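Take a look at the structure set out below.
The values are calculated or read from the model by the stated rules, or taken from the named source; none is laboratory data. What you see is a predicted model; the values in this text were computed from it and never measured. Using ideal geometry, Cβ is built from the backbone for each residue, glycine included, and neighbour counts are taken over all protein chains shown. SASA here: full protein model, heavy atoms, side chains in, ligands and nucleic acids out. Shrake-Rupley method; radii C 1.70, N 1.55, O 1.52, S 1.80 Å.
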Amino acid sequence: MNLKDLLSHYAEHAQESQEYKTNEDFNKRLDDGDIEGFQLVFRTPDGGEIPIAPISAALFVSDIPTYRQLVKDDFLLRRRDILALDDFPTNEGAYDKLLSMVMQNATVLPFVGAGISVAAGCPSWSDYIVSQAVRSGMEELDVRQRLKQGQHEQLMDEVINRLSIDVFRRDFTTQFEGGRITPSLSPATELIGLFDGSYITTNFDRVLERCHAEKRGFEEKVVGKEHTGRFLKAIYRSEKYLLKLHGNIDEQRDRVLTQAEYVAAYGAVGIDYSLPIPKTLNRVFGSFTVLFVGCSLISDRYLQILREVRDADWEFLPEHFAILNAPEDTDEFSARDRFMAAHGITPIWFSDGEWDRPAEILKLLRLER
């Protein structure tokens, strides 16, 4: 009986057959020699050896305990690598907490930032601000330093005043929309099926919407400045709504982009909780777990709301998570870690520049849930 017949015979056991298919990635890497040190051979009486292929199928039908152990060992190694535990040992505990919530079908709201759209072909928001600032006559080094200090709103205001909002809006569409943007390449695709409730985004681009439209689109989109409780009701009903927190760039009434628009949306002196955005976020942060993905989490106004919610009632605050790039400088990293803790955010770190890592972490969540 050849290997193909053996595998067909073994497929009568539905559970084991499905198990083999589930391990497709492992099987391929084992068969291709990417997992080194393993070989199956048939020894002939004269001392000759005939390789048996594919290794994974032969091992599966002949010695399933060994096959399962290899799959387990390989997964643990890959898990350790994906979570970068050698560099960030606290990642394991943070990830396991998030995984436990996912496995229990707890309500987790993805809060999606501009970083999630970079893989789809969009520039990062910071890089885009820099490019527009330089175009308007500002010095690049000065602009980057101010961004590190959290002066996003002030810089945006200066750039728009120099270029005009019409020019800024027109050029935004050429960089963030069009045929060269491929939403399917975004890590946002890994969120589909993992979190099927409501989402929040500060993005002006439409990568997130287009990703989900190809699978199961959002039932409705709500903008942050609407005087409505529809989004909160959708969360409680487990409906798939998208809250466009800062609106769309081409809709001035609901947009939050310039400093004046931020003041109108969040308040002139401190946070005004009578306004729709602060009121909604106050309820969200105080009631549901949020997972920040693709967010810089440096000085955004919504972080001030989160900090105030935490300070007011930290014992009852739901745990929030972030998949976040880590600064290379040790002191800067420690400062960022303290900042996250002060806002009630548990980070899952990845090294700066490894922009494919958020997608890998989300894939791991999908695999283990």
Of all strands (runs of 3 or more DSSP E) fully inside the stretch 210-317, the set with 2 or more residues that are in contact with a Lys or Arg (Cβ under 7 Å, 6 or more places away or on another chain) is 220-223, 241-244
Out of (1) among the hydrophobic types (A, V, I, L, M, F, W, C); (2) open to solvent by less than 50 Å² (accessible area, probe 1.4 Å); (3) farther than 14 Å from Asp74 by Cα, the one Phe26 does not meet is (3)
Only unsatisfied item for Arg180, checking (1) out of contact with any helix residue (DSSP H, G or I) (no Cβ under 8 Å at 6 or more places or on another chain); (2) modelled with pLDDT of 90 or more, is (2)
Among strands (runs of 3 or more DSSP E) entirely inside the stretch 29-143, those with 3 or more residues being of a type outside the set (Phe, Trp, Tyr) and surrounded by 11 or more Cβ atoms within 10 Å (Cβ to Cβ) are 108-112
Within the stretch 154-187, the residues that are open to solvent by 50 Å² or more (accessible area, probe 1.4 Å) and either among the aromatic types (Phe, Trp, Tyr) or outside any loop (DSSP other than H, G, I, E, B) (or both) are Gln154, Glu158, Asn161, Arg162, Asp166, Arg169, Arg170, Thr173, Thr174, Gln175, Ser184, Leu185
Reported set for the stretch 324-351 where residues are among the charged types (D, E, K, R) and open to solvent by 70 Å² or more (accessible area, probe 1.4 Å) is Glu328, Asp329, Asp331, Glu332, Arg338
* Just to be sure, is Val207 of a type in the set (A, V, I, L, M, F, W, C) and touching a helix residue (DSSP H, G or I) at 6+ places or on another chain (Cβ under 8 Å)? -> yes
Residues of the stretch 318-341 being charged (D, E, K, R) and either under 13 Å from Val290 (Cα atoms) or assigned to a helix (DSSP H, G or I) (or both), in sequence order, are Glu319, Asp331, Glu332, Arg336, Asp337, Arg338
Counted residues in the stretch 199-233 being of a type outside the set (D, E, K, R) and either closer than 21 Å to Leu324 by Cα or touching a Gly at 6+ places or on another chain (Cβ under 6 Å) (or both) come to 9
Note on the stretch 188-209: residues among the polar types (S, T, N, Q) and in a loop (DSSP other than H, G, I, E, B) are Ser198, Thr202, Asn203
With criteria (1) surrounded by fewer than 17 Cβ atoms within 10 Å (Cβ to Cβ); (2) modelled with pLDDT under 90; (3) more than 23 Å from Ile361 (Cα to Cα), Lys233 comes up short on (2)
Phe321 passes all but one of the listed conditions (1) in contact with a strand residue (DSSP E or B) (Cβ under 7 Å, 6 or more places away or on another chain); (2) open to solvent by 30 Å² or more (accessible area, probe 1.4 Å); (3) not charged (D, E, K, R); the exception is number (2)
Of the listed residues (Lys240, Lys244), the one being in contact with a Gly (Cβ under 7 Å, 6 or more places away or on another chain), among the charged types (D, E, K, R), without any contact (Cβ under 8 Å) to a residue 60 or more places away in the chain and crowded, with 22+ Cβ neighbours inside 10 Å is Lys244
If we keep only residues of the stretch 144-153 that are polar (S, T, N, Q) and at pLDDT below 90, then the residue surrounded by the most Cβ atoms within 10 Å (Cβ to Cβ) is Gln151
